[in-house]
Amino acid sequence: MLPSLSALRAFEAAARTGSFRAAAEHLSVTPTAISHHIRGLEEQLGTKLFKRSGREVVLTEDGQRLAETAVQAFGMLEDAVRAIRRTTRKTVRIAAGPIFTARWLMPRISNFWELHPGTGLEVVPTYQPGAQDRENVDIVIRWERMSEMPEEAVKLLELSPVAIASEGFLTRFGPVETPADLLQLPLLHQRNHWGWLDWFSAMGVRVPGTLRGPVFEDANVLLRGAAEGQGVIVGWLPLIDQDLAEGRVVRLFSEDITPTHGYFLDVRKGTQARRQTRDAIGWLTVQSTRIDPSRC
């Protein structure tokens, strides 16, 4: 007769994490409950599964044998449950960065409801759109360099970099006459320094040393900082069209740089079998080919 599923689950979590406390946090129970399950399992099997030394626990030889099978078995169960959930639910989960969600997806979302009233959309935030690290995410919107995307990737939007700041910032620090002048001004960065390095390179400016300035993940934070006069940022056309039109920021130059980055569809393996996912992919692809009326 097999031990209880609860006891085996507690053992698997403790074996995988190497800690009763960590196992308890993972299963949302108390460490005492984990200890009770393990003790009962050891009594039923007639062998010790862990060697205890203070708060640390180490698998015995028998514990190691059971752990190898338990971890594999529960992993298979979790995979099966996730697969069933993906095929039965009518909601499509999309992982996308905050600025893409706010500036590109939200203005178009009502059109999806009109065309697919029986399908729900759930948009979850991610600052690293290439990482599919969330359960049941069907589609990831990736922000990458154009040159680094595979040929089969589905492109949604091309982005061109421009230098932007507020009028107040220019009054305080200006005038800015050449791109090289920006090397002496406060610069704000998104994720890393490569955005500015690429911009300077495209403008023919040699960067003599390491660029300085704070780095932020969320582009919306950068736009707010630029609008409040905290520094100059690399803005991405067409995502900042509204900010420019309403005067929150201004372009410092009339640069015409070939698109360097873009947003791409990354579809989780196996999810295209669902009609709802295929509908969402088709809708996103069609939206990417339409002209935004606000830019006409």
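Results, tabulated for the structure shown:
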item: Glu158-Glu217 pseudo-label distance in nm [points 7 Å out on the Cα-to-Cβ vector]; result: 3.0 nm
item: Residue-span extension gain [Asn111 to His36] - 0.36 nm each, minus C-alpha spacing; result: 21.6 nm
item: Calculated FRET efficiency for the pair Thr91/Asp256, C-beta based, R₀ 51 Å, to 0.05; result: 0.75
item: Helix runs (DSSP H) in the chain reaching 30 Å along axis by Cα, Kyte-Doolittle at least -1.0; result: 61-88
item: Efficiency of FRET between Ser6 and Met149 - r from beta-carbon atoms, R0 51 angstrom, step 0.05; result: 0.65
item: Equivalent-ellipsoid semi-axes of the range 5-88, from the Cα gyration tensor, Å, largest first; result: 24, 14, 11
item: Chain lengthening between Leu170 and Leu197 when straightened (0.36 nm per residue, less Cα-Cα); result: 7.6 nm
item: Helix-only mean residue ellipticity at 222 nm for the chain, each DSSP H run of n ≥ 4 adding -39500 (n - 2.57), per residue, nearest 500; result: -12000 deg cm²/dmol
item: Estimated FRET transfer efficiency when R0 is 35 angstrom, pair Val58-Ala102 (beta carbons, to 0.05); result: 0.10
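Any read-out appearing in this document is the output of simple, stated calculations on the displayed coordinates, not a laboratory observation. Note that the coordinates shown come from a computational prediction; the quantities given were computed from them, not determined experimentally. Note that each Cβ is placed from the backbone with ideal geometry, even for glycine, and that neighbours are counted across all protein chains shown.
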